[in-house]
Amino acid sequence: MFRESIDVSCSIIRGGSSKGVFFLENSLPPHGELRDKILLAAFGSPDARQIDGLGGANSLTSKVCIVGPSQRDDADVDYTYGQVSIDKAMIDWKGNCGNMISAVGIFAVQNNLLKAVEPLTNVRIYNTNSNKIIHVTYPVKDGRVLSEGNYSIPGVPGTGAKLKVEFFDPSGSVTKKLLPTGNTKDTISLGENKIFTVSMVDSGNPVIFVKAEDLGMNGTELPAEIESAPGILNTLEEIRSICAELSGIVSDRKDALSKSPAYPKICIVSEPKDYINSEGALVKAEETDLLARMAALQKMHKTFAVTAAVATGAASKIKGTIVNEIVGDKISETLIIGQPYGPMEVTIHMEDGKIIKEGIYRTARKIMDGNVYIPYSRLEV
């Protein structure tokens with residue numbers, strides 16, 4: 001019988017302020033060109049609108065998660081994350097997504113990869129990208145993970161069940177170093193007297209921090225305003241590309257955009273100030289410890305990545321970084337980041353001067369189960 005396409009079962013799940021497509025590991029070919037072609041077709045990439053697939057034409061909604069049973073003693077499931085490019089035929093498999101990891105347990109329980117136990121189930125997740133262990137604790141009733149609750153997070157409408165996400169030994173997730181360049185600060189020259197002082201920290205994901213004032217900003221700007229400012233995104237990408245080379249993520253800065261568009265990430269930070277958030281509400285300076293805006297895939301992130309929050313938390317504890325200079329010694333275990341939608345908390349637990357784990361709270365909800373249809377014409381190698 002003639003068939004135009006193959007069908008692959010999947011689920012769409014919101015995790016935190018992101019949304020991804022989840023696949024069982026055994027439903028896809030092994031890592032390689034064929035698997036990437038299937039996933040690119042599933043998302044409708046490359047196409048700026050992703051009109052012929054499941055992607056939402058935004059970096060927050062163009063994420064793939066592959067989950068399967070783990071052979072490790074310290075994990076229940078393995079989770080592989082991919083940032084699917086929207087307008088290029090590529091998937092960046094280097095890093096992790098902390099928002100999406102909050103949804104892994106929902107998918108794992110639904111597919112009988114582990115049994116949910118009332119009232120709380122702690123799912124031990126091994127992230128294959130970063131070689132790190134993350135625990136997510138879910139409320140459970142009648143064998144099912146609960147999504148409904150009264151907890152809210154910035155950037156997500158309504159409320160949901162409160163999920164605890166803990167990143168164990170988060171340092172060196174991609175570069176294998178907490179300070180990828182070996183320095184708490186680096187000086188970046190873009191020529192024409194454009195000199196920037198940055199800090200790069202790899203915890204959760206590698207993130208570059210640059211002061212808003214050095215970019216001619218005050219730090220309260222929202223993503224749309226930053227994107228409309230002449231040259232800011234280009235400047236951020238130039239800084240990001242140089243840091244990608246300095247940290248060894250790419251061997252040549254000229255290749256950063258094509259070979260590693262998602263990592264390192266880059267954040268604009270500043271001292272706390274009053275600002276109007278993306279929903280038009282006032283956030284007072286005293287409600288935050290610092291302000292932060294993040295760029296992802298050469299566009300401004302509409303909210304703030306969980307892994308970027310983890311890196312910011314780590315940076316706040318490292319003497320000499322830009323973040324530490326802003327927050328000083330005023331925080332103990334909880335850092336409050338003023339992101340576009342409002343305050344976001346991250347906890348940092350240290351022992352003997354070392355970061356043992358970092359935590360954050362999220363909500364997550366399954367949106368749909370079904371099959372995605374992949375045209376055979378998209379699979380030609």
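The values are calculated or read from the model by the stated rules, or taken from the named source; none is laboratory data. Because the structure is a prediction, the values reported are computed rather than measured. Every residue, glycine as well, gets a Cβ built from its backbone with ideal geometry; the counts of neighbours run over all protein chains shown. These area figures cover heavy atoms from the full protein model, side chains too; ligands, DNA and RNA do not enter into them. Shrake-Rupley method; radii C 1.70, N 1.55, O 1.52, S 1.80 Å.
Helix 306-316 and the longest principal axis of the Cα set of the chain meet at an angle near 30°.
Report which label in (i) 73, 51, 38; (ii) 53, 48, 42; (iii) 66, 47, 41 holds the value of Cα extents along the principal axes in Å derived from the coordinates of this structure. The calculated read-out lines up with (iii). Counting only DSSP beta bridges whose two residues both lie in the stretch 207-350, roughly 70 percent are antiparallel. Between the amide H of Asn129 and those of Tyr81, distances stay under 5 Å, these residues lying 5 or more places away or on another chain, with hydrogens modeled in the peptide plane.
Under the convention that each Lys and Arg Cβ holds +1 and each Asp and Glu Cβ holds -1, the size of the dipole of the stretch 85-165 around its Cα centre is about 220 debye.
If you average the C-alpha positions of the stretch 329-345 and of the stretch 23-73 separately, how far apart do those two centres end up, in angstrom? One Cα centre to the other: 32 Å. In the structure shown, the pairs Lys176/Lys284; Lys164/Lys254; Lys88/Lys284; Lys132/Lys319 are assessed against 31 Å; a Cα-Cα span above that value is assigned to Lys176/Lys284; Lys164/Lys254; Lys88/Lys284.
Which whole-angstrom value gives the distance between the alpha carbon centres of the stretch 289-315 and the stretch 215-240? Their Cα centres are 14 Å away from one another.
From the alpha carbon centroid of the stretch 172-198 to that of the stretch 119-163 is 34 Å. Give the carbon-plus-sulfur fraction of the accessible surface of the stretch 267-335 in %, rounded to a whole number; probe 1.4 Å, heavy atoms of protein chains only. Result for the stretch 267-335: 50 percent of the exposed heavy-atom area is carbon or sulfur.
What the chain shows is 42 Å² of accessible area per residue, with the surface traced by a 1.4 Å probe over protein heavy atoms. Sort the stretch 163-271 into rounded, prolate or oblate with this rule: let a ≥ b ≥ c be the square roots of the eigenvalues of the Cα gyration tensor; rounded if a/c is under 1.5, and if a/c is not under 1.5, prolate when a/b is larger than b/c, oblate otherwise. In terms of gyration-tensor shape, oblate.
Listed values for the stretch 19-28 are Karplus-derived 3J(HN,Hα) couplings in whole Hz (6.51 cos²θ - 1.76 cosθ + 1.60, θ = phi - 60°), namely 9, x, 9, 9, 10, 6, 4, 7, 8, 10, and x replaces Gly and Pro. Computed from Cα atoms, the angle from the helix 33-43 axis to the main principal axis of the chain rounds to 80 degrees.
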